[in-house]
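Working notes, beginning with the structure itself.
All of the numbers you see were taken from the coordinates with simple rules; none came from a lab. Just so it is clear, the structure is predicted and the values come from calculations on it, not from any experiment. For neighbour counting, all protein chains shown are included, and Cβ atoms are generated from backbone atoms with ideal geometry for every residue, glycine included.
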Amino acid sequence: MMAWTIYLTFVGAALLLFLPRILARWIALTTAVAGFAISLATFLARGADFAHLTTITRIPWVPALGMNYHLAFDGISLTMTLVTGLTAVCAVLFSWHIDERPNEFFFWLLLVVAGSYGVFLSADLFLLFVFYELVIVPKYFLIAIWGSTNKEYGAMKLTLYSFLGGALVFIGILAAYVTAGTLDLPQLASFPFAPSLQSWAFPVLFLGFAILGGVWPLHTWAPTGHVAAPTAGSMLLAGIVMKLGAYGALRVAMNLFPLGLHVWSRWIAVLAVIGIVYAAAVALRQNDLKFVIGYSSVSHMGFVLLGLATANLLGVSGAVLQMFSHGVIGALLFALAGVIYLRTHTRNLNDLAGMHLSRTMPFVAFAFVVASAASMGIPGFSGFAAEITILLGAWKTFPVAVGITGIGMVLVAAFTLRALKRSFFSDDRVLVPQAGPGQSEQAVLVDRITFAEKLGTCLLILATLAAGLYPKLLLDRIMPAVQSMRFLQP
Amino acid sequence: MSYLELLKLASPEAIVLVTALIVLALGLTKSEQIKPAVSLIAALGLAVAAFAVSRLPQHAVLSDGMLVISPLNSLFKVICLVLAFFTIVLARGDRQIRHHGEYLALILFATIGLLLLIGSEELLMIFIGLELTGLSLYVMTAFDHSDLRSAEAGLKYFLFGSMASAFTLFGLSFIYGLTGTTALTGIAHTFNATPIQPLLAAGIVMTLIGFAFKVAAAPFHLWAPDAYQGAPVPTAAFIASGSKVASFVVLGKIVLVGFGSLHGSADWHALVAGWSPVLAVLAALSIILGNLVALVQKNVRRLLAYSAVAHAGYTLLGLIAGGRNGFSATLFYTTIYAITLVGAFGVIALVRRDTGGDDFSNFAGLRARSPLLAGCMAVFMLSLAGLPPLAGFFGKFYLFSAALRSGQNHGLLWLVALSLFGSLISLYYYLTVLKIIFLDDHDASAIPRTSRYDFEARADFLPSLTVVVLAGAVILLGIVPEGLVARILASLT
């Protein structure tokens, strides 16, 4: 049944091209909800084998070259499809106001979602790569047409970085393919690759995927891309697309080349820690709300990479949990930033400081406080559960990294509180530049929050709370799958 | 061997020839009504020829390889006939072409050249095919009397082309001198035991130069930008599709069958003299130069010309890899490339007719004017960039995996990495074209809205349909490439 997440989303996207624009958002919503419902149902189903890849469907595709259309899932894939479905639903809800070319907008949006489902469910390397590359172009159009600040630059940069990552992945995949003679992931995962091959193919493959996961120093597409993207675009980028990279790094690079991982893991940890601290420090100096959140995404994804680098059960499971957690929190933060921007037409923290938004938008203020708390890693939210698991895992392998990461966490708290204070709870008496004479600071009237936006916000808050209060629900499915990965085998 | 048998085996060529003569004769009449009929007859002739190809026996060899019938040759004859068919459809909607009958006859003559080229495994016949195609294409390039650039392109193409032909003929004479035969199998037999000697090396290099010119590989690509930009659109489409496909088929046969034992090795850690290092250098140069120069182009046709140089480089990878897998990867890639380019030129022809040009500014806001054409152009551009689920993506995967598999220890990794880097650059300029189509606003004042002329209403439908069909083919070959791959592989046994 899981395969229908992909098919339904593609069908929805195709329908959008032919049906009138009045129906656009409803089709998109129906499709996204259907995908989410299927993911949730499969996720909660009892008795499924989460430890190993359970084949959904497998048909020969290009037998001459050994390609199969092979879909499968395990606990990790299910966690990722769940966050994909959730983000997709919320992204549609937060795009309810799109009036410019809505059919095209939702078409590209659903293509990103469909491609992501495909990546998470592929058990054939070629198929996975097809879906992985499929996501690139829709992002370009989403940002370049419906984006804001510097959109064409941001879109092109993001696309070229994604494609660069794709090119590296391509080389790694080809190396695995021509050596092992198969593209089937389970088969590849038990193929004894020569250590010399692993030591060069692993970093190529891992780096290729990690570019999309926001690895320092190739992370710069993320902040500019996030800032340029429309709200839904940022939500998809933070919620899903960055996870594609991390997921690929885990599922393909680490699982295929365990010896390569062993050689390179400390360097990944170094990059991850630099990413955490550096991005947090940069975020502290940003004035654009979306830049702050964009850099915080890079910082949070640094935790994922650190978790992966530990290569032990706790660290990697924490990394997967963090992927889920950041997907939800990142999407929520970007959504709220979008809500503010839609009403005030500015994301500049100095401008926002004079608007007293906590009075005019109490619901958004409340939600932003919750999101900030989750982002800072306050216990009770998913961020805490994930990061503590990663740090526990890292403690065994890279104790120094844990110490430095502590600094990063302080910085995260600092910039999050700063952004929160400047945007909602500032005492500044500065008037908004646009406000004409005779308007006091009270006069900054904003449209009411729509029902769709409220619903989306509540869904995301609920998800981060659920995962934070009862992480066992996720970890029960993640840990068996991680346990059976190759790099943990004796 | 009786003449009847010869006629039977050469029936596709004969049918196309008769059609060409009929078309030429009809074109002499002054009547205006006859114009659509001429195209119809030409198209019908091609269809009958394709049918005749399918009726040929599986295997036959005539006079020492002058005419060879094999599954591979038949498959590519059909592909070339189909490409010629699309060219004729494009030519039908082109109003810059005055003497329709003559133009169509030239297309058919060029097609005969391609059929001979594909159907022959003998150096002299191959050379005759090359010349027949070349001469027809030179005239077709210079066919637009109203445009000075067309004449310039024709002259350039002719001068470079005759130069390249001279090189090829000179190289072939060396090879004949060394082996005493012009049949590819005979040459292969003689070369089996000979090591590379200076005379042979000179012969190989000169032969390859001629083909590098044909497929527009750097540094023998200088004619391509002008020809692609200045020639009438159908000519450019035919140069980029049919002529290229046939050239790659023949080049593959010459190097892999004729010079099979002189393969050498282009591996970075174990370079061995032979033709493959030569092709590797050509490929690397083409990829670098084509992609970099394409970056600064402001005309879509010129951009496609430089990207064609780069694509010639990618396609050579399969031949360098060699073997059945490499050859089939090259053939697959060149076929889908041809389909994609005919489609792209179809879009260009329509845009040109509506806006009077094919610069970037003419494409601005195409999405608003015609969402269908814009969507098809997106399919073609993204396929050229190599993005899934389009044919170009699978083609590249096939090509690069074949290249990486050949040789020892991933010896061709350097070329694969270079190609991927080239693809990265190419994505930028393809996306730029799409950005102009989908993002930029259509500036109504910049485009002289010429009065729509009379037979357009009918002529409009067919080119649009062609473009849609080709876009569908590109998508279909990307999702289910098995059909074509299996066919090519089966024909290569």
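Tabulated data
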item	result
Mean-position separation - Cα centroids, the stretch B:75-90 and the stretch A:84-156, in angstrom	37
Longest site-free stretch - chain A; sites: trypsin sites (Lys or Arg not before Pro), DSSP loop, at most 10 other Cβ within 10 Å	A:47-428
Kirkwood Rh (inverse of mean 1/r, distinct Cα pairs), the stretch A:274-418, angstrom	15.4
Shape parameters for chain A, alpha-carbon atoms, Rg then Dmax in Å	21.5, 76
Average other protein chain Cβ within 10 Å of Cβ, residues A:124-137	3
Sum of side-chain charges, A:VAL62 neighbourhood, beta-carbon under 12 Å (Lys, Arg +1; Asp, Glu -1)	-2
Leading residue at positive end of dipole, the stretch B:263-493 (Cβ point charges), from B:TYR333, B:GLY422, B:SER276	B:SER276
Relative contact order [Cα under 8 Å, 6+ residues apart], the stretch B:263-493, whole percent	28
5 angstrom amide H check on A:ILE56, placed H, neighbours 5+ away	A:LEU71, A:ALA72, A:PHE73
Between the stretch B:147-178 and the stretch A:1-17, the Cα center-to-center distance that results, in Å	53
Debye-sum result for the protein assembly as shown in log10 I(q)/I(0), which assumes one identical scatterer on each alpha carbon, at q = 0.07 Å⁻¹	-0.63
Pairwise centroid distance, computed over Cα atoms, of the stretch A:271-347 with the stretch B:386-441, Å	31
Over 28 Å between alpha carbons, listed pairs A:LYS139/B:LYS298; A:LYS139/A:LYS472; A:LYS243/A:LYS290	A:LYS139/A:LYS472
Relative compactness, chain B, computed as alpha-carbon Rg over 2.2 N^0.38 Å	0.93
Net charge of Cβ neighbours under 12 Å - reference B:PRO12; Lys, Arg +1; Asp, Glu -1	+2
Contact order normalised by residue count of the stretch A:132-197, Cα under 8 Å, 6+ apart, percent	23
Lys/Arg +1, Asp/Glu -1 at C-beta; the protein assembly as shown dipole; positive extreme among B:LEU431, A:GLY275, B:THR466	A:GLY275
Dipole-positive endmost among A:PHE363, A:LEU342, A:VAL263 within chain A (Cβ charges, Cα centre)	A:PHE363
Rounded, prolate or oblate (a/c below 1.5 giving rounded, otherwise prolate when a/b exceeds b/c) for the stretch B:263-493 by Cα gyration tensor	prolate
Under 19 Å from the Cα of A:LYS151 - aspartates and glutamates, other chains or at least 8 residues apart	A:ASP99, A:GLU100, A:GLU104, A:ASP288, B:ASP440, B:ASP441
Environment charge at B:ILE425 (Cβ cut-off 15 Å; Lys +1, Arg +1, Asp -1, Glu -1)	+2
Average Cα contact separation per residue, chain A, under 8 Å, 6 or more apart, as relative contact order %	16
Hydrodynamic radius (Kirkwood) for the stretch B:1-97, which is based on Cα pairs only, to one decimal in Å	14.7
Ascending count of other beta-carbon atoms within 10 Å, so fewest first, for A:VAL89, A:VAL320, A:VAL204	A:VAL204, A:VAL89, A:VAL320
Axial C-alpha extent at least 20 Å, average Kyte-Doolittle at least 1.6 - helices from chain B (DSSP)	B:11-28, B:34-55, B:71-92, B:100-118, B:123-141, B:198-214, B:275-294, B:371-385, B:413-438, B:456-479
